[in-house]
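Step one of this worksheet: look at the structure below.
The values are calculated or read from the model by the stated rules, or taken from the named source; none is laboratory data. This is a predicted model, so every value here is computed, not measured. Ideal geometry is used to build each Cβ from the backbone, glycine not excepted, and the neighbour counts take in all protein chains shown.
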Amino acid sequence: MGRRLHRVGEYILHRIEADDGSIFGVCPPDRRPPPTATVERMEPSDASQCRRLVSELPGPVSLALQRRRDHAVTTAVSTSVPLFIEAAEGAILIDVDGNRLIDLGAGIAVSSVGHRAPTVVEAVSNQAARFSHTSFMINPYEGYVAVCERLNACTPGDHDKRSALFNSGAEAVENVVKVARRVTGRQAVVVFDHAYHGRTNLTMALTARNLPYRDGFGPFSPEVYRAPASYPFRDPEGMTGRAAADRAIGLIERQVGAANVACLLIEPIQGEGGFVVPAPGFLPALASWCADQGILLAADEVQTGFCRTGRWFACEDESIVPDLVATAKALGGGLPLSAVTGRADLMDAVHPGGLGGTFGGNPIACAAALASIDLMEANDLPSAARHIESTAMPRLMALAGAHRGIGDVRGRGAMLGLELVLPGTSEPDPSAARRVVETCLRSGVVALTCGTFGNVIRLLPPLTIDHVLLLDGLEVLGSAIDEVLDPDR
Ligand code: PLZ
């Protein structure tokens, strides 16, 4: 068995390659190297939380399933990581060949409380054993009401609120637009460059990027207008948030007319568009303009919500209180659940029966949500997200200092991105981003890309990720970046 030690900050990570070729990123207790002063710190708090590769990737069982998939599943649904998963725990994904992978994507910001959190599993199985469906529109049940109570309490603002539950993020966003149009009597919806809001017909219209989301799928829903976002890395040097907001407002006033706008829909930090954090002042300026014009401010917190950015909701960072909020992803703790939460006077102004759906607020998903929100509170996951930022950010900055191919490092909490460019330019380099992610995967780390140009590597691990596992994942990412951006070193 060969050993190589490397130091990451105050930690020493032990990379152990066993004779059978398996790699231990962080040693499990039975392979622990001789104790040193720092070895105790090196152990993950839970022995299950270690990276370990035992086969080629993809392994034979994944390959066999891939062949079945090729004959059964349309290629229109693509999969970025060709490894079939059999189990998952904490921030570790275990594939069908027994490889243990570090999950730095959390299934696109869903598994914030960690995979297979015991209290979520228990809540789900208890609910499944009692009943799994009635349709809240036929027979109500407490779980739905309790989730709405929690949403009304934890979303920004202490005004009176009401919620409604749905299944997916896109469905929540559609319902935000329905409420906004119904109660304002106006039709126009303003969205932004680089926005992502979903793949249904209305949300395709709201989403900015053509490929893969919209191409050939039109005609799209009318009365959707796109304004320029604040994208500090790509905006003119020194452009303030206020100036970026004025640019957007000017365009809306000229091209749409404020009096025609039902709502302005915005991701407080753009997700699929590239983890774009707007310049400070952008959101507050838009919020106050909306309030002056009788335009509803609708926040899409589907990706940013539920502790991801170091606060319960990303709007809180600039003290924005939206009129309507769409949530999904982490809300359901891994089960499909989404919500619209908004001012009571708005939500209740929709005619009775105007919102709903067969499955919205499924009882099992509600049970999972309640257990997940309990965990977020009990474990103070907003601070866990900030801890991830303070661990990762200095390392990402150091990488950016060493590589001119990293144009920007940005993000908040556990929503962090590296924008890759052709060295010394702002020309996007999606191929490098793809190769970095592929290189990470070969070492057992699942990282995702995003961005309008496909050139952003994004980190969004479960917020409960073991500290040492996170360090290991970052070490792998750093080596992958060194290998791809500086192959001669
Ligand atoms: N709003 C801000 O991030 C989903 C999409 C992955 P659904 N993002 C991941 C893909 O390629 O389909 C998302 C989001 C924001 C809305 C949505 C839509 O949420 O649950 O995927 O419908």
Inset, instruction - Say whether the condition of being out of contact with any Phe, Trp or Tyr (no Cβ under 8 Å at 6 or more places or on another chain), within 22 Å of residue 464 (Cβ to Cβ) and more than 12 Å from the ligand (Cβ to nearest atom) is met by at least one residue in the range 336-348. - result: no
Legend entry - residue 314 closer than 22 Å to residue 152 by Cβ, surrounded by fewer than 20 Cβ atoms within 10 Å (Cβ to Cβ) and at pLDDT 95 or above: no
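For the range 363-422: of the residues being of a type in the set (Gly, Ala, Ser) and not in a helix (DSSP H, G or I), which is farthest from residue 333 (Cα to Cα)? Walk me through how you get there before you give the answer.
Within the range 363-422, the first condition is being of a type in the set (Gly, Ala, Ser), and the residues that meet it are 365, 367-369, 371-372, 378, 383-385, 390, 392, 398, 400-402, 405, 407, 411, 413-414, 417.
Within this subset, residues satisfying the condition of being not in a helix (DSSP H, G or I) are 405, 407, 411, 413-414, 417.
On the way: 405: 36, 407: 34, 411: 23, 413: 19, 414: 16, 417: 23 Å.
Selected residue: 405.
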Inset, instruction - Could you give me the residue pairs with C-beta distances under 6 Å whose first residue belongs to the range 297-317 and is at negative phi and among the polar types (S, T, N, Q), whose second residue is in a loop (DSSP other than H, G, I, E, B) and more than 10 Å from the ligand (Cβ to nearest atom) wherever it lies, and which are 6+ apart or on separate chains? - result: 309/413
Inset, instruction - Go through the residues of the range 284-292 one by one and say whether even a single one is hydroxyl-bearing (Ser, Thr, Tyr) and assigned to a helix (DSSP H, G or I). - result: yes
Inset, instruction - Go through the range 266-290 residue by residue and tally those that are more than 12 Å from the ligand (Cβ to nearest atom) and of a type in the set (A, V, I, L, M). - result: 6
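Just the residues that are away from the ligand (no atom under 16 Å from the Cβ), surrounded by fewer than 24 Cβ atoms within 10 Å (Cβ to Cβ) and not acidic (Asp, Glu), please, taken from the range 291-310.
Step one: list which residues in the range 291-310 are away from the ligand (no atom under 16 Å from the Cβ), which gives 291-296, 310.
Imposing the further condition that a residue be surrounded by fewer than 24 Cβ atoms within 10 Å (Cβ to Cβ) reduces the set to 291-294.
Those that are away from the ligand (no atom under 16 Å from the Cβ), surrounded by fewer than 24 Cβ atoms within 10 Å (Cβ to Cβ) and not acidic (Asp, Glu): 291, 293, 294.
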Legend entry - Whichever residue in the range 251-274 is out of contact with any Cys (no Cβ under 7 Å at 6 or more places or on another chain) and among the charged types (D, E, K, R) and, among such residues, is nearest to residue 194 (Cα to Cα): 267
Inset, instruction - Taking the options 152, 99, 167, name whichever one is within 16 Å of the ligand (Cβ to nearest atom), buried (at least 16 other Cβ atoms within 10 Å of the Cβ), among the polar types (S, T, N, Q) and at pLDDT 95 or above. - result: 167
Legend entry - The one condition in (1) over 27 Å from the mean Cα position of the chain (by Cα); (2) not assigned by TED's automatic domain parsing to the domain that holds residue 370 that residue 137 fails to fulfil: (2)
Inset, instruction - Would you check if there is a residue in the range 117-140 being crowded, with 22+ Cβ neighbours inside 10 Å and touching a Cys at 6+ places or on another chain (Cβ under 7 Å)? - result: no
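Quick one: in the range 369-403, of everything that is of a type in the set (D, E, K, R) and touching a residue at least 24 places away in the same chain (Cβ under 8 Å), which residue is farthest from residue 489 (Cα to Cα)?
The first filter runs over the range 369-403 and keeps only residues of a type in the set (D, E, K, R), leaving 374, 377, 380, 386, 389, 395.
If we keep only those that are touching a residue at least 24 places away in the same chain (Cβ under 8 Å) too, we end up with 374, 386, 389, 395.
Working: 374: 48, 386: 33, 389: 28, 395: 19 Å.
The selected residue is 374.
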Legend entry - Sole residue being assigned to a loop (DSSP other than H, G, I, E, B), without any contact (Cβ under 8 Å) to a residue 24 or more places away in the chain and of a type outside the set (Ser, Thr, Tyr), chosen from 220, 233: 220
Inset, instruction - Just name the residue that is surrounded by the fewest Cβ atoms within 10 Å (Cβ to Cβ) out of those in the range 170-194 that are away from the ligand (no atom under 16 Å from the Cβ) and either among the charged types (D, E, K, R) or not in a helix (DSSP H, G or I) (or both). - result: 185
Legend entry - Cross-chain or 6+ apart pairs with Cβ under 9 Å, the range 267-286 first and on the phi > 0 side of the Ramachandran plot, then of a type in the set (Asp, Glu) and more than 15 Å from the ligand (Cβ to nearest atom): 274/419; 275/419; 281/318
Legend entry - Conditions (1) away from the ligand (no atom under 16 Å from the Cβ); (2) surrounded by fewer than 19 Cβ atoms within 10 Å (Cβ to Cβ): number failed by residue 221: (1)
Inset, instruction - Scan the range 318-333 residue by residue and report those that are charged (D, E, K, R) and away from the ligand (no atom under 16 Å from the Cβ). - result: 318, 323
